[in-house]
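**Student:** Quick one: structure below, then a few questions.
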Amino acid sequence: MLSGPDYRAATVGRIRPYRPADEDVVVDLWARASRIAHPFVPGEGGGERERKMREIYLVQADNWVAEDANGRVVALLGMLGSEIGGLFVHPDAQGAGIGRVLVEFAAARHDSVTLDVYENNHKARGFYTTMGFAEEGRHPDEDSGHMLITLRRPGHSTAAAAGAPHISGDVDRPANSSTG
């Protein structure tokens, strides 16, 4: 388990592509973060939702992980083109700026980025508002029926002109990556 007063002050050591060997650690952090963020979704963090995470999302998305300075995987960013399909930070690492770094990482690669957030996830909605996202629409989640809000923010080319912060830290790029 990730914890301790020194951990809360940790920053991102590096961002690197997800590897199949990360699966158990990533699914664990996703499950923990999801249960906290989505207590209104029955079965969140397990069962059929975990199966989909393992068999679909971790296979089909362009997934990146953030490691802390000690090399521990502490967050997952799943991209579907310019859509942030998922952003999950281990509960013990939340509030340390890791989510902010991953959003900027995603935005640096696209003219704009979008995402869906549950209407009832007030903490995430506040975070994304702070990160410059604006509401674009609403629709029900196909699986749970809960309302999702689609958000958009300018990416690197537009944000740079507006004075967005520069991303620091190491980034490992896959040899076959077309991003950048």
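The values are calculated or read from the model by the stated rules, or taken from the named source; none is laboratory data. In this text, all values refer to a predicted model and were calculated from it rather than measured experimentally. Using ideal geometry, Cβ is built from the backbone for each residue, glycine included, and neighbour counts are taken over all protein chains shown. What goes into the accessible areas is simple: the full protein's heavy atoms, side chains included, and nothing from ligands, DNA or RNA. Shrake-Rupley method; radii C 1.70, N 1.55, O 1.52, S 1.80 Å.
**Student:** Scan segment 28-53 for residues that are free of Cβ contacts under 8 Å to residues at least 24 places away in the same chain and either outside any helix (DSSP H, G or I) or not basic (K, R) (or both) and jot them down.
**Tutor:** Looking only at segment 28-53, we keep the residues that are free of Cβ contacts under 8 Å to residues at least 24 places away in the same chain, and these are 28, 31, 35, 39, 43-48, 50-52.
Residues satisfying the conditions are D28, A31, P39, G43, E44, G45, G46, G47, E48, E50.
**Student:** From the residues in segment 64-74 that are hydrophobic (A, V, I, L, M, F, W, C) and out of contact with any Phe, Trp or Tyr (no Cβ under 8 Å at 6 or more places or on another chain), which one is most open to solvent (accessible area, probe 1.4 Å)?
**Tutor:** Filtering segment 64-74 down to residues hydrophobic (A, V, I, L, M, F, W, C) leaves 64-66, 69, 73-74.
Then keep just the ones that are out of contact with any Phe, Trp or Tyr (no Cβ under 8 Å at 6 or more places or on another chain); that gives 66, 69, 73-74.
Numbers: A66: 0, A69: 86, V73: 19, V74: 0 Å².
Taking the candidates together, the pick is A69.
**Student:** Tell me whether segment 121-131 contains one or more residues that are at pLDDT 95 or above, in a strand (DSSP E or B) and among the hydrophobic types (A, V, I, L, M, F, W, C).
**Tutor:** No, segment 121-131 has no match at all.
**Student:** Note down all Cβ pairs under 6 Å where the first residue falls in segment 106-128 and is within 16 Å of A33 (Cα to Cα) and free of Cβ contacts under 8 Å to residues at least 60 places away in the same chain, the second is among the basic types (K, R) and open to solvent by 20 Å² or more (accessible area, probe 1.4 Å), and they're at least six residues apart or on different chains.
**Tutor:** Close Cβ pairs satisfying both conditions: V117/R125.
**Student:** On the given criteria, is V25 part of a helix (DSSP H, G or I) and open to solvent by less than 80 Å² (accessible area, probe 1.4 Å)?
**Tutor:** Details: part of a helix (DSSP H, G or I): yes; open to solvent by less than 80 Å² (accessible area, probe 1.4 Å): yes.
The answer is yes for V25.
**Student:** Next question, about the same structure. Please go through (1) of a type in the set (A, V, I, L, M); (2) out of contact with any Ser or Thr (no Cβ under 9 Å at 6 or more places or on another chain); (3) open to solvent by less than 60 Å² (accessible area, probe 1.4 Å) for V117 and return the number of the only condition it doesn't satisfy.
**Tutor:** Status for V117: all satisfied but (2).
**Student:** Which ones in segment 88-114 are in a helix (DSSP H, G or I), more than 20 Å from G155 (Cβ to Cβ), open to solvent by 10 Å² or more (accessible area, probe 1.4 Å) and not acidic (D, E)? Write out each step before concluding.
**Tutor:** To start, the set of residues in segment 88-114 that are in a helix (DSSP H, G or I) comprises 91-93, 98-107.
Then drop every residue that is not more than 20 Å from G155 (Cβ to Cβ), which leaves 91-93.
From the residues that got through so far, the ones that are open to solvent by 10 Å² or more (accessible area, probe 1.4 Å) too are 91-92.
Result: P91, single match.
**Student:** If G46 passes every condition in (1) over 25 Å from T150 (Cβ atoms); (2) of a type outside the set (D, E, K, R); (3) open to solvent by 60 Å² or more (accessible area, probe 1.4 Å) but one, which one does it miss?
**Tutor:** Of (1) over 25 Å from T150 (Cβ atoms); (2) of a type outside the set (D, E, K, R); (3) open to solvent by 60 Å² or more (accessible area, probe 1.4 Å), only one is false for G46: (3).
**Student:** Still on this structure, I have one more. So which of A37, A61, A33 is surrounded by 12 or more Cβ atoms within 10 Å (Cβ to Cβ), in contact with a His (Cβ under 7 Å, 6 or more places away or on another chain) and either under 27 Å from N120 (Cα atoms) or not hydroxyl-bearing (S, T, Y) (or both)? Step through it out loud before you land on a result.
**Tutor:** Working: A37 fails: in contact with a His (Cβ under 7 Å, 6 or more places away or on another chain); A61 fails: in contact with a His (Cβ under 7 Å, 6 or more places away or on another chain).
Going through A37, A61, A33 in turn, the sole match is A33.
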